[in-house]
Structure formats: structure tokens, C-alpha cells
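This report refers to the structure that appears directly beneath it.
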Amino acid sequence: MADWYNKAQKTLDSIQETATEINSKLISGIQQNPEDVIYNNAQFMKLMGISKRTAQEWRDKKIIGYFQIGAKIYYTLHDVQQLLKENYNPKK
């Protein structure tokens, strides 16, 4: 029974640690300037639910601003927010 209790306690501790980490990331993200929050290409594609090819098209067509350092591509949260705002269709 002690073994079961220890495993359960470790699981609870792990969940608490993860929740604390998520909470701190949310708080820090809210307090950060959108220009300072940077996404790499993989994070951006996941966030927007798009393919690598679509991300490339958006960059080529200047739909989204980006930084390129060598072969690595980065986007600011500000640029992502601006893209979404420019393409917002309000409810009628």
C-alpha cells in the first residue's frame, strides 16, 4: 500500500509542477511585450495550424513578417497578432 501511495504522490507532485510551470509561462507571456515573444517556424506552424509550405507562401507574399538567421526562421507575437487582426471578419 505504501508503494501505491508513493507512486500516487509522485504523480500528484508532477502534475503540480507542470501546472505551476504553465501558470508562470502564462503570466510571463501576458506581461511581455508582443515584440519580445518570439516563435520559431515549428512553433508558428503549430500555433497557426499550417504546413511548412503555407508558412513559406505567407513569407514570400509578405503576409507575415519574420526574421531569418541562417536557415532558421522566427516570428514575433506582434506580427502574428497583426496578421490575425488584419484578417478578422466581424460577426454581422
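Please go through the residue pairs 25/46; 10/46; 25/72; 46/85; 52/91; 46/72 and name each one whose alpha carbons sit more than 27 Å apart in this structure.
Those over the limit are 10/46; 52/91.
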Two pseudo-spin positions, 7 Å from Cα along C-beta at residue 57 and at residue 85, lie apart in nanometres by 2.6
Of 73, 15, 63, which is the most mobile in a GNM of the chain whose springs link Cα atoms less than 10 angstrom apart? 15
Value in Å of the Kirkwood radius, where region 13-88 supplies the Cα pairs that are averaged: 13.8
Residue 3 paired with residue 17, simple spin-label distance in nm, labels 7 Å along Cα-to-beta-carbon: 2.2
Hey, what did the chain get for relative contact order, percent, Cα under 8 Å, at least 6 apart? 27
What does the charge count near residue 41 come to, summing +1 for each Lys or Arg and -1 for each Asp or Glu among other residues with Cβ under 10 Å from its Cβ? +4
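Test of understanding: what is the full-extension gain from residue 92 to residue 66, defined as 0.36 nm times their sequence separation minus their Cα-Cα distance?
Details: separation 26, 0.36 × 26 = 9.36 nm, distance 3.26 nm.
Length gained, residue 92 through residue 66: 6.1 nm.
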Not counting ligands, DNA or RNA, and with a 1.4 Å probe, what is residue 51's accessible surface area in Å² rounded to the nearest 10? 60
Using a Gaussian network for the chain with springs between C-alpha atoms less than 10 Å apart, which of these wobbles most: 77, 47, 12? 12
Per GNM of the chain with C-alpha springs under 10 angstrom, the most fluctuating residue out of 71, 42, 19 is 71
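The values are calculated or read from the model by the stated rules, or taken from the named source; none is laboratory data. Everything numeric in this text was worked out from a predicted model, so none of it was measured. Every residue, glycine among them, receives a Cβ derived from its backbone with ideal geometry; neighbour counts consider all protein chains shown. Please note that ligands, DNA and RNA were not included when accessible areas were found on the heavy atoms of the full protein model with its side chains. Shrake-Rupley method; radii C 1.70, N 1.55, O 1.52, S 1.80 Å.
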